[in-house]
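The values are calculated or read from the model by the stated rules, or taken from the named source; none is laboratory data. Bear in mind that the values here come from a model prediction, so they are computed numbers and not experimental data. FYI the Cβ positions are ideal-geometry reconstructions off the backbone, even for glycines, and counts take in every protein chain you see.
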Amino acid sequence: SFLTLEKEPVTVLVTGAACSLNNFENWPHIWTGQIGYALVPMIARGAMLGPDQPVIVHLLDIEPAAEALNALKMELIDAAFPLLKGVVVTTDVVEACDGVEIAILVGGYRRKDGMERKDVMSKNVSIYKAQALALDQHAAPDCKVLVVANPANTNALILREFAPSIPEKNITCLTRLDHNRALAQISERLNVYVSDVKNVIIWGNHSSTQYPDANHAIVDTGIGEKPAIELVDDDNWLKTEFVETVQQRGAAIIKARKMSSALSAASSACDHIHDWVLGTPKGTWVSMGVSSDGSYGIPQGLVYSFPVTCDKGEWSIVQGLKIDEFSRAKMDENAKELMDEKSMAYSCLGD
Ligand code: NAD
Ligand code: LMR
């Protein structure tokens, strides 16, 4: 037939989308909306949901950024993206969440000089509680949520607690950037294409405690697949420099850029949703922060990064991987840090 049926558009929410140079709250001029500005055009081009999937985007930011949000809408219109079927910009969380099928939560505060970790946590968990309530009431029933804003795992846990109508399996956080960073380090070390490396794992928290694990990684050598550990042939590098480089990569970008990573975070957020919705290739897994079901002895309910495969819009934790003593200690250290963050978050909400 000559008839090509276009798919129904999917509604995607991005919070923290307004890119501007501002001095909100007396901050000396500071760029904001970094990830959002990189992410929204990727979504509109089909990098997240595929080249044949039309989208409607809902973009939320706070009142002082309203004008910058409008500017973003003007640019999105001017870009004439064929897949973009609608743009809603708003500073009203209820309007933003209305009918959304995918929510990417990037908005939040970043740390200012002199602020304690607890001060940032306190501001961000309150935002996540409010957004949880709005998503709970107004999002599509099967809405898939990706939390990007830090502390990502704990924000996702708070969101889950206050959005009981959203299935627990639909609330996730981003550790795909760390996963991609780990693939990239191995590819550089072995001088192979990054697309020839797979099955690294990020265990735990999206913090510098995270455990990047290459024990199960595979490299396509062109004449067959081989374990990365055999090709690297330096256990010490895998246990030290590799782990530390990936753990510290976010800090290294901040040092070099004076702002945190934006294009790589946006691209990895697309990868996360893409693979979750459209599936992981056979024999390949990715890392996602998800609610623990007790796998690998990680306390149930913590939002913890695991290796997962995805099929038909559902993730499953990869089972049966052999865990050595070195890995065990690092995985437990992450569980402990996340338990501590969880209690800190609750004490912030109680304040
Ligand atoms: P940014 O400061 O440039 O932008 C944040 C935006 O959020 C701003 O536009 C701000 O106005 C908005 N905002 C604040 N409160 C809001 C609210 N209540 N509702 C909606 N919007 C609100 O920050 P960024 O560089 O884009 O980073 C965003 C977050 O992502 C930060 O927390 C950062 O630490 C985190 N991050 C996570 C990863 C990851 O891999 N998980 C990677 C990089 C950055
Ligand atoms: C990153 O991993 O690049 C960011 O989470 C760093 C940060 O603290 O924003």
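Listed values, structure above:
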{"read-out": "Only one of Val120, Val125 that is over 19 Å from Ala18 (Cβ atoms), within 14 Å of ligand 1 (Cβ to nearest atom), surrounded by 15 or more Cβ atoms within 10 Å (Cβ to Cβ) and free of Cβ contacts under 8 Å to residues at least 60 places away in the same chain", "value": "Val120"}
{"read-out": "Whichever residue in region 136-166 is part of a helix (DSSP H, G or I) and among the polar types (S, T, N, Q) and, among such residues, is farthest from ligand 1 (Cβ to nearest atom)", "value": "Gln137"}
{"read-out": "Search result, residues across region 258-273 that are modelled with pLDDT under 95 and more than 10 Å from ligand 1 (Cβ to nearest atom)", "value": "Lys258"}
{"read-out": "Scan of region 242-256 for residues that are modelled with pLDDT under 95 and more than 10 Å from ligand 2 (Cβ to nearest atom), ordered by number", "value": "Lys255, Ala256"}
{"read-out": "All positions within region 92-117 that are of a type in the set (Val, Ile, Thr), buried (at least 16 other Cβ atoms within 10 Å of the Cβ) and within 13 Å of ligand 1 (Cβ to nearest atom)", "value": "Val93, Ile104, Val106"}
{"read-out": "Those residues of region 203-226 which are in contact with a strand residue (DSSP E or B) (Cβ under 6 Å, 6 or more places away or on another chain) and away from ligand 1 (no atom under 16 Å from the Cβ), in sequence order", "value": "Asp213, Ile218, Val219, Glu225, Lys226"}
{"read-out": "Filtered residues of region 172-196 (kept if away from ligand 2 (no atom under 16 Å from the Cβ) and either under 11 Å from the mean Cα position of the chain (by Cα) or in a helix (DSSP H, G or I) (or both))", "value": "Ile186, Ser187, Glu188, Arg189, Leu190, Val194, Ser195, Asp196"}
{"read-out": "Search result, residues across region 167-202 that are under 30 Å from Asp136 (Cβ atoms) and within 15 Å of ligand 1 (Cβ to nearest atom)", "value": "Ile171, Thr172, Cys173, Leu174, Thr175, Arg176, Leu177, Asp178, His179, Ile202"}
{"read-out": "Positions within region 178-226 being β-branched (Val, Ile, Thr) and touching a helix residue (DSSP H, G or I) at 6+ places or on another chain (Cβ under 6 Å), in sequence order", "value": "Ile186, Val194, Val197, Val200, Ile202, Thr209, Val219"}
{"read-out": "Spans of helices (runs of 4 or more DSSP H) in region 238-351 with at least 2 residues touching a residue at least 40 places away in the same chain (Cβ under 8 Å) and under 30 Å from Gly50 (Cα atoms)", "value": "241-257, 263-278"}
{"read-out": "Helices (runs of 4 or more DSSP H) contained in region 1-111 and holding at least 3 residues more than 25 Å from His272 (Cα to Cα) and modelled with pLDDT of 95 or more", "value": "66-78"}
{"read-out": "Within region 112-141, considering residues that are under 25 Å from Ile30 (Cβ atoms) and of a type in the set (A, V, I, L, M, F, W, C), the one modelled with the lowest pLDDT", "value": "Met115"}
{"read-out": "Pairs where the first residue, in region 207-220, is more than 16 Å from Gln247 (Cα to Cα) and the second is of a type outside the set (Asp, Glu) and part of a loop (DSSP other than H, G, I, E, B), C-beta under 7 Å, 6+ apart", "value": "His216/Asn199; His216/Leu321; Ala217/Asn199; Ala217/Val200; Ile218/Asn199; Val219/Val192"}
{"read-out": "Test: residue in region 49-72 that is surrounded by fewer than 19 Cβ atoms within 10 Å (Cβ to Cβ), in contact with a strand residue (DSSP E or B) (Cβ under 7 Å, 6 or more places away or on another chain), of a type outside the set (Gly, Ala, Ser) and touching a residue at least 60 places away in the same chain (Cβ under 8 Å)", "value": "no"}
